[in-house]
């Protein structure tokens, strides 16, 4: 189904019925409202104005529209900040982040926790059983604008309590952190400061625990709201709209308290913002990278235990990227169909009408500021008509899975050891190679069950627990481990047995030295008689295994044993394409090398193709294929859907 994000408080009551009626006529079913409306709901302390919101919900009910009601805690009003200034967060430079935009709060503030519960209870008690309210969105984009990690006195006190609960005694903390180094030893938990404003790098174990603490604080804040909504609004779903390419807290953990995951998809904005660390071999300025949005679809389907929505779908140029390009004609429709192909239940567009004022006035919507339809409007109408005629079967489990770990991203952030060594680009390169072979990919957390897959890909898992190794030991398919796997203990120390730590139970090898090489190719690896460039990272390996790939100095780079493979270097895209193709064929998985910009995704017995490129592409359909959408020759920015027949 389709939805839209709407801000009735910005337009006045006279527009509500007209807008909601037009949404209904367009073919939308869901409308998200309220997530930034605290100052209109409670304009003065304890004085609530419900009349305008009553009218929105009652009108939606009369039209048969379903409301997703957001809790307004992303934007505490000015009167609340003046009353409780301790709500404001502090940045890593020790500066208070002031009122005047959004997300101006600290997750650890007792005042804000209390006030958030109060406003959520007020809204939920009034609207929790309203017939129009289908579900709830907690807050909005937790962590956006670098707000996960705060450095205020409330955070210091909460962090000290968190450490005491984790380590029990200062002596245990000192051993775990290795504080004997540089005379950092602590006599009490009250002596531990936050890991900012240090002369040089903080202790990495200190940082890792602080990142864990900050992640736990986000989840705890979210759970406060969830508990209230469950009590006052039974039978309604609860979700949160996560962001793409954001790793500052553990989304798998937080979503355990939700019914499913949602995320905000801005394919052009994310690519432009991410170009500073992505090496984009395939990138088309007005359509985006063909794997970045799909990577997030598959990630959030995994985060949501098989269920996800796109709560905000880009419908035109945004205003927050280094370049804010206009989507090519057809891309809003393509992005929508692609989300559904990856299992999205709802795609909701941001936003209904472009605002002519304030910070997002250059962020387009389905309507222009004068209420005339913008380009995306017609594409949404087309999708609504197409959805009515193409029933979508359930997704089937994929044959290939990729393990994604938020803690791995923190380890890379804390200790990159060189330029260009970041977790997300490594994950994208592994994922993209699989997709260019026409493969569907499920994304799992390290705590998932791995059984049932034929190929399991782990780009990197620096902290590798004994429990994960035990589950990997019984996995029947092929496993690929990327560099730095098993390189740290849970306390951010080098394993006593050397990396890859407990993985040595599955692969008899030890990493005795590592090198960071920079972003330009400094080496080459030879595999199956072909050479591939190596940059960023390589490892020196001691093992009884014969190497399957050799670096220029004769040292091994690729090792395999009993259908388990370790890559002791940062693999190039061209290598991964060839390597995964061979492993898939050995595992009995059919692959199809796709031309540049073309991607496939299967949903049940349907095959969907998406052309990101500015040129025609031929889809790999059998002669007997029955096309439900598009055809064998796929024009630029078009979609094809077919069913293979005998």
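What follows is calculated from the coordinates using simple rules that are stated; it is not laboratory data. None of the values given here were measured: they were computed from a predicted structure. Positions of Cβ are generated from backbone atoms using ideal geometry, with glycine treated the same way; all protein chains shown enter the neighbour counts.
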Practice item. Give me 190, 379, 345 ranked fewest to most by other Cβ atoms within 10 Å of their Cβ, as a rough exposure proxy. Key: 190, 345, 379
Exercise for review: Would you mind checking segment 486-515 for residues with the amide N under 16 Å from a putative spin-label position 7 Å along Cα→C-beta of residue 470?
Suggested key: 502-503, 505-506
Review point. What does the highest-first list of 441-450, 622-631, 160-169 look like by mean Cβ count within 10 Å?
Key: 441-450, 160-169, 622-631
Review point. Using the alpha-carbon centroid of each, what span in Å lies between segment 242-278 and segment 535-589?
Key: 30 Å
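Looking only at the chain, where both bridge partners belong to it, what percent of the DSSP beta bridges are antiparallel (to the nearest 5)?
Values: 43 of 87 bridges.
DSSP beta bridges in the chain are roughly 50 percent antiparallel.
Convex hull over the Cα atoms of segment 20-158, averaged projected area in nm²? Don't jump to the answer; show the numbers that get you there.
On the way: hull surface 35.8 nm².
Computed as one quarter of the Cα hull surface, the answer is 8.9 nm².
What list do you get for 111, 348 if you sort them by fewest beta carbons within 10 Å? Write out the running numbers ahead of the final one.
Working: 111 17, 348 27.
Ranked by crowding around the Cβ, least crowded first: 111, 348.
Would you mind classifying segment 170-277 by shape? Square roots of the alpha carbon gyration tensor eigenvalues, ordered a ≥ b ≥ c; an a/c under 1.5 is rounded, otherwise it is prolate if a/b is larger than b/c and oblate if not. Before the final figure, lay out each step's value.
On the way: a/c = 3.79, a/b = 1.55, b/c = 2.44.
Oblate, since a/c reaches 1.5 and b/c is not below a/b.
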**Study point:** Normalised contact order of segment 400-586, rounded percent, pairs of Cα under 8 Å and 6 or more residues apart
**Key:** 20 percent
Check your understanding: Per the helix-only calculation at 222 nm, which mean residue ellipticity applies to the chain, given -39500 (n - 2.57) for every DSSP H run of n ≥ 4 and division by its residues, nearest 500 deg cm²/dmol?
Key -> -9500 deg cm²/dmol
Review point. Given a Förster radius of 25 Å and the C-beta distance between residue 191 and residue 95 as r, what FRET efficiency does 1/(1 + (r/R0)^6) yield to the nearest 0.05?
Key: 0.55
Practice item. Please report, to one decimal in angstroms, the Kirkwood hydrodynamic radius of the chain built from all distinct Cα-Cα pairs. Key: 26.2 Å
Review point. Taking Cα centroids, how far is segment 346-371 from segment 31-82 in Å?
Key: 18 Å
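What FRET efficiency, computed as 1/(1 + (r/R0)^6) with R0 = 41 Å and r the Cβ-Cβ distance, is obtained for residue 548 and residue 490, rounded to the nearest 0.05? Mind showing how you got there, number by number?
Values: r = 31 Å, r/R0 = 0.75.
Calculated value: 0.85.
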Check your understanding: Under a plain spin-label model, where a point goes 7 Å from the Cα along Cα-to-Cβ, how far apart in nm are residue 574 and residue 616?
Key -> 3.0 nm
Revision key, fill the gap. Rounded to two decimals, the Debye log10 I(q)/I(0) of segment 238-382 (Cα scatterers, no solvent) at q = 0.10, 0.17, 0.18, 0.21 Å⁻¹ is -0.33, -0.95, -1.06, -1.33
Revision key, fill the gap. Length-normalised contact order of segment 598-643, Cα under 8 Å, at least 6 apart, in percent, tallies to 40 percent
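Just the Kirkwood number for segment 400-586, please: inverse of mean 1/r across all distinct Cα pairs, in Å, one decimal. Numbers along the way, then the final one.
Details: mean 1/r = 0.0612 Å⁻¹.
Averaging 1/r across every pair of different Cα atoms and inverting gives 16.3 Å.
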Exercise for review: Would you work out the relative contact order for the chain, in percent, from Cα pairs under 8 angstrom that are 6 or more residues apart?
Suggested key: 10 percent
Revision key, fill the gap. Over the Cα atoms of segment 598-643 the radius of gyration and the largest Cα-Cα distance (Dmax), both in Å, equal 9.6, 29
**Study point:** Cα-derived Rg to Rh of segment 487-584, Kirkwood definition
**Key:** 0.96
Practice item. For segment 218-237 and segment 165-188, compute the distance between their C-alpha centroids and round to whole Å. Key: 36 Å
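Within 10 Å, count the other beta carbons around each residue, average over each peptide in 505-517, 22-34, 193-205, and list them highest first.
In decreasing order of mean packing, 505-517, 22-34, 193-205 become 22-34, 505-517, 193-205.
Please give the peptides 540-550, 575-585 ranked by average Cβ packing (other Cβ atoms within 10 Å per residue), highest first, as a rough proxy for protection. Kindly include the intermediate steps, with their values, before the conclusion.
On the way: 540-550: 15.8, 575-585: 19.5.
So the peptides 540-550, 575-585, ranked by packing, come out 575-585, 540-550.
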